[in-house]
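Taking it in order: structure first as structure tokens, then the write-up.
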Amino acid sequence: MSLVAAQTLTGRTWVARPNRSLSALGRRLVFVVTAAVSGTIAFVFSCIGAWPVAPFTGLELALLWWALRRTEACAHDVETITLESGHLTIETRRGARLERHVFQSYWARLQVIKPPGQASHRVLIRSHGKEVEVGSLLNEEQRMALAKDLKQDLAALQPRQSIPWKQAQTT
């Protein structure tokens, strides 16, 4: 997973992306090479009378094609968190779906919870009854680093609470 934090002129931005080790060309090449090798093996076995190998080869290639298409559909998933000019904006792209949530940074509250029975934490941004999970594309260590950074930056935007001085009572 990849988490990139950048300071801009007007605020701060975090961009989270899952690792994608294969390019579109690499995925095509994997499929073509696998199809050629499996097809050759299936053809040889079919020629010597073991024809039941062919349907299983077809099934194997169909599942590989489906898995690579699924990877292609998720290749551009990204989560962008922008904190600037009193607003916290969270943009999430999952496949073809794009979501955008805008919070006033003064009211936004960050909460880190660990659901029972799960190994990883969830990082939530909440405000006015609305909540958005952030960092779902990251591993646990990166998610906690993002939570720490966001918490510090949100706290820096909160106005300092002054302690009222008690007035001396005179009787």
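Within region 1-29, the set of residues being surrounded by 14 or more Cβ atoms within 10 Å (Cβ to Cβ) and assigned to a helix (DSSP H, G or I) comprises just one member, Arg27.
Of all the listed residues (Trp51, Trp66), the sole one being surrounded by 11 or more Cβ atoms within 10 Å (Cβ to Cβ), more than 25 Å from Glu99 (Cβ to Cβ) and not assigned by TED's automatic domain parsing to the domain that holds Ala147 is Trp51.
Checked against the criterion of being outside the structural domain of Ala145 (by TED's automatic domain parsing) and of a type outside the set (Gly, Ala, Ser), the candidates Leu110, Leu59 yield just one match: Leu59. With respect to the conditions (1) under 29 Å from the mean Cα position of the chain (by Cα); (2) small (Gly, Ala, Ser); (3) assigned to a helix (DSSP H, G or I), Ala35 falls short on a single one, namely (1). One residue stands out in region 70-89 among those that are farther than 26 Å from Thr10 by Cα and small (Gly, Ala, Ser): the one that is nearest to the chain's Cα centre (by Cα), namely Ala75. Within region 12-29, is even one residue touching a residue at least 40 places away in the same chain (Cβ under 8 Å), more than 21 Å from the chain's Cα centre (by Cα), under 30 Å from Gln152 (Cα atoms) and in the same structural domain as Ile125 (by TED's automatic domain parsing)? So far as region 12-29 goes, no, none of its residues is touching a residue at least 40 places away in the same chain (Cβ under 8 Å), more than 21 Å from the chain's Cα centre (by Cα), under 30 Å from Gln152 (Cα atoms) and in the same structural domain as Ile125 (by TED's automatic domain parsing). Here Lys148 passes the criteria (1) at pLDDT 90 or above; (2) surrounded by 16 or more Cβ atoms within 10 Å (Cβ to Cβ); (3) over 16 Å from Thr89 (Cα atoms) except the one numbered (2). In the set Leu83, Leu64, Leu68, Leu88, only one residue is assigned to a helix (DSSP H, G or I) and either within 22 Å of Val4 (Cα to Cα) or at pLDDT 95 or above (or both); that residue is Leu64. Here region 90-126 is the region considered, the condition is being crowded, with 17+ Cβ neighbours inside 10 Å and β-branched (Val, Ile, Thr), and the residue that is farthest from the chain's Cα centre (by Cα) is Ile125.
The values are calculated or read from the model by the stated rules, or taken from the named source; none is laboratory data. Predicted model only: the values in this text are computed from it and were never measured. With ideal geometry, Cβ positions are generated from the backbone for all residues, glycine too; neighbour counts draw on all protein chains shown.
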